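Here is the structure we will look at, set down as structure tokens.
The values are calculated or read from the model by the stated rules, or taken from the named source; none is laboratory data. What you see is a predicted model; the values in this text were computed from it and never measured. A quick note on method: Cβ atoms are made from the backbone with ideal geometry, for glycine too, and the neighbour counts reach across all protein chains shown. Remember, those area values only see protein heavy atoms, side chains included, never the ligands or the DNA or RNA. Shrake-Rupley method; radii C 1.70, N 1.55, O 1.52, S 1.80 Å.
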Amino acid sequence: MNTSDSEVVMSVLTANGYDIIDSISAAEKKKKKKKKNEVKDEEEEEDDDGQQVPSTATMPEVILVNTCAIRDKAEERVKTRLRQFRSMKTTSPSSSVFSKDFNISNNNNNNNNKKAVIGVLGCMGERIKGELLKKDSKGVRLADIVAGPDSYRDLPRLIENAISSSNNDNRQSKKNTNDGGNESLVTSSSSRKRFEPKITETMNVELSTTETYSEIFPMRRGKVEDMSTSAFVTIQRGCDNMCAFCIVPFTRGRERSRDSASILEEAKKRFYEENAREIVLLGQNVNSYSDKTYVVAAAGKEENSSSSNTAARTTTSNGVYAEGFKSVYVPSRNQEYDFAKLLKDVCAISPELRVRFTSPHPKDFPDNLLQTIAETPNASKLLHMPAQSGSTTALERMNRGYSREAYLNLIDKAKAIIPDVAFSSDFISGFCGETEEEHNDTLSLLKRVQYEQAFTFAYSLRDKTAASKKLIDDVPEEVKQRRLAEVIETFREAAKEKAKGEIGKTHLVLVEGTSKRDDEKCTGRADNGKRVVFMNENGEKSSKKGEYVEVRIREAGVNTLIGDFVKKTTAKAFYEANGGKAWYA
Ligand code: SF4
């Protein structure tokens, strides 16, 4: 989700005259290159990678860090990174530190000696808010800007204010130095107030009930041929589920869906203009999607209009959920356009486009969605079904809205409806009050379902959550870690056993590129989400990124399948040859 949000941020800022720099080391490279070539003219030059580089290329004026708040560890890592950014303003940066962050420079300002303005975006900013603008216990003010996930449109204002504030700061600092004084950083006036406003000159953490950035086309960087075969398309934001352990409803706000027309437009552009062959539909509770702007006209002709939402048919019945699941809120969904319909419409763009989605809640897998996935060959057959625990009593404390039995019934139903379905899941070890028996229930669930992938975590208490208010984080850290190790080991054993069934099967593989370990081999993904490595053909016939090939599996591990190239194909030809329903014909 953060990658997708960063693409929205880049769009907003480029539209406001900012240039995006991949990394600070890239900025330095450009600066050195400019010096070496002594470019005299005022026109823009072409960089090695073909991108337009302003002749006034400078070190970035602004560094923005998009953040996650789901676990304490992630926040600590961000803080360390922010301290490095602060200290590196006056020293030479190392490329590795910046490789995953993007930096933004406004080429209207060419003052290399100026200190970079640092901004914290996303969930951590939303959670900690103005704390980041104050000096910490080490006397470092970690950020100059804080922008929550719903305030990216406000970034140009926040940046301009922070830059002017920083200019004033520099002048003040110089004055203080001349006076023999110490450098003093401006403290946000809001930090002196007991109740902090959500919007100030350099902070906006107001959560919205409507913001979906629907008309902003997220910016992917680089040349089309270098882009990943996968593209993210955000369809939904926020979550109303209030799982007891989770900070997301507090950092991302209320559940809301983007209109389907803008989603389809973005997905088509990714497929036709950027050669994306896999679209990943994103949302905090992605399969709760519902386009309330969609109406079916009286004549039976489909319409899509954001202005006609009053005519949309909504439902408050529990029929929208999988059997045996409930939620703490009453769902309000437009049954004319739910997640199943969106999935089908995105898949219909082309049979050559594979469609995945993340992150879903198991309650939002009603029968019609399972049916749609079964009947739509290019809808990925790897379903993420976050269980979190295999124990009904632990699930009750977690506020998940289902029992172990309801979850297993859903797994069995999906297996019955969708041939070759595979599952991935999330698991938390050591949640408040977790007993040995409850932990063993999780282990037995892992053995029973045989997941393809598992994302496993030791519980980390987050402020504001229901668990922090009503429960006690009473499982000792060493017990959490021991249980986590057992969960991982059990997952691996079960996955290894399941993988044996892959040997001899032929998979449709979307080629992602050459193997990093051996350039005579290619890697790609099978429909069940598994990485597949196979020996490439030679010469001109070799498989290329974005193509489909058939691969027969020879060896199978927990994470990777090794196979032999059978032939190049198209997804459509493969589906037809393997009994896929040709809905696109
Ligand atoms: Fe968090 Fe639960 Fe919502 Fe997932 S469904 S984002 S775990 S509150």
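Residues in the stretch 358-409 that are out of contact with any Phe, Trp or Tyr (no Cβ under 6 Å at 6 or more places or on another chain) and hydroxyl-bearing (Ser, Thr, Tyr): Thr358, Ser359, Thr372, Thr376, Ser380, Ser389, Ser391, Thr392, Thr393, Ser403, Tyr407. Considering Glu502, Glu477, Glu512, the condition of being modelled with pLDDT of 95 or more and not small (Gly, Ala, Ser) is satisfied by Glu477 alone. In the stretch 223-241, which residues are farther than 24 Å from Ile70 by Cβ, open to solvent by 40 Å² or more (accessible area, probe 1.4 Å) and either within 9 Å of the ligand (Cβ to nearest atom) or in a loop (DSSP other than H, G, I, E, B) (or both)? Of everything in the stretch 223-241, just one residue is farther than 24 Å from Ile70 by Cβ, open to solvent by 40 Å² or more (accessible area, probe 1.4 Å) and either within 9 Å of the ligand (Cβ to nearest atom) or in a loop (DSSP other than H, G, I, E, B) (or both), namely Lys223.
Under the condition of being β-branched (Val, Ile, Thr) and in a helix (DSSP H, G or I), the residues counted in the stretch 242-256 number 2. Scanning the stretch 1-20 for residues that are over 17 Å from the mean Cα position of the chain (by Cα), farther than 16 Å from Leu158 by Cβ and open to solvent by less than 10 Å² (accessible area, probe 1.4 Å) yields no hits at all.
Of the residues making up the stretch 379-391, at least one is touching a Cys at 6+ places or on another chain (Cβ under 7 Å) and buried (at least 20 other Cβ atoms within 10 Å of the Cβ). In this structure, does Ile411 turn out to be farther than 26 Å from Thr560 by Cβ, without any contact (Cβ under 8 Å) to a residue 60 or more places away in the chain and out of contact with any Ser or Thr (no Cβ under 9 Å at 6 or more places or on another chain)? Considered against the rule, which asks whether it is farther than 26 Å from Thr560 by Cβ, without any contact (Cβ under 8 Å) to a residue 60 or more places away in the chain and out of contact with any Ser or Thr (no Cβ under 9 Å at 6 or more places or on another chain), Ile411 comes out as no.
In the stretch 242-251, the qualifying residues are those that are open to solvent by 10 Å² or more (accessible area, probe 1.4 Å) and within 9 Å of the ligand (Cβ to nearest atom), and the one that is farthest from Thr209 (Cα to Cα) is Phe245. The number of residues in the stretch 267-277 that are open to solvent by 10 Å² or more (accessible area, probe 1.4 Å) and touching a residue at least 24 places away in the same chain (Cβ under 8 Å) comes to 7.
Across the stretch 348-368, the number of residues qualifying as touching a residue at least 60 places away in the same chain (Cβ under 8 Å) and either away from the ligand (no atom under 16 Å from the Cβ) or among the hydroxyl-bearing types (Ser, Thr, Tyr) (or both) comes to 11. Residue pairs whose Cβ atoms lie under 8 Å apart, sitting 6 or more positions apart in sequence or on different chains, and linking a residue in the stretch 384-407 that is in a loop (DSSP other than H, G, I, E, B) to a partner that is of a type in the set (Lys, Arg) and away from the ligand (no atom under 11 Å from the Cβ), are Gly390/Arg404; Ser391/Arg404; Gly401/Lys326; Tyr402/Lys326. Going through (1) more than 20 Å from the chain's Cα centre (by Cα); (2) at pLDDT 90 or above one by one, Gly148 falls short only on (1). I need a count of the residues in the stretch 257-287 that are more than 16 Å from the ligand (Cβ to nearest atom) and outside any helix (DSSP H, G or I). Result for the stretch 257-287: 8.
If the condition is being touching a helix residue (DSSP H, G or I) at 6+ places or on another chain (Cβ under 7 Å), within 13 Å of the ligand (Cβ to nearest atom) and more than 28 Å from Gln371 (Cβ to Cβ), then the stretch 390-405 contributes only Asn399.
Just one of the numbered conditions (1) buried (at least 22 other Cβ atoms within 10 Å of the Cβ); (2) at pLDDT 95 or above is not true of Leu264: (1).
Spot the failing condition for Val558; the list is (1) within 31 Å of the chain's Cα centre (by Cα); (2) free of Cβ contacts under 8 Å to residues at least 24 places away in the same chain, and only one is missed. Among (1) within 31 Å of the chain's Cα centre (by Cα); (2) free of Cβ contacts under 8 Å to residues at least 24 places away in the same chain, the lone unmet condition for Val558 is (2).
Among residues of the stretch 440-490 being β-branched (Val, Ile, Thr) and farther than 15 Å from Ala394 by Cα, the one that is most open to solvent (accessible area, probe 1.4 Å) is Ile488. Identify, by number, the condition in (1) in a loop (DSSP other than H, G, I, E, B); (2) modelled with pLDDT of 95 or more that Phe357 doesn't meet. Looking at each condition in turn, Phe357 falls short on (1). Among the residues making up the stretch 97-137, those that are outside any helix (DSSP H, G or I) and either at pLDDT 90 or above or among the β-branched types (Val, Ile, Thr) (or both) are Ile104, Val117, Ile118, Gly119, Val120, Leu121, Gly122, Lys134. For Ala467, state whether it is touching a Leu at 6+ places or on another chain (Cβ under 8 Å) and within 15 Å of the ligand (Cβ to nearest atom). Spelling it out, Ala467 is indeed touching a Leu at 6+ places or on another chain (Cβ under 8 Å) and within 15 Å of the ligand (Cβ to nearest atom).
For the stretch 403-453, a residue qualifies if it is farther than 24 Å from Tyr321 by Cα and of a type in the set (Gly, Ala, Ser), and the qualifying residues are Ser429, Gly430, Gly433, Ser444. The selection criterion, being open to solvent by less than 10 Å² (accessible area, probe 1.4 Å), in a helix (DSSP H, G or I), closer than 27 Å to Leu508 by Cβ and out of contact with any Leu (no Cβ under 8 Å at 6 or more places or on another chain), holds for Ile411.
Restricting the stretch 194-218 to residues that are touching a strand residue (DSSP E or B) at 6+ places or on another chain (Cβ under 8 Å) and either without any contact (Cβ under 8 Å) to a residue 12 or more places away in the chain or not polar (S, T, N, Q) (or both), the residue that is farthest from Pro331 (Cα to Cα) is Met203. When Val330, Val346 are checked against the criterion of being more than 23 Å from Phe455 (Cα to Cα), outside any loop (DSSP other than H, G, I, E, B) and of a type in the set (Val, Ile, Thr), a single residue qualifies: Val346.
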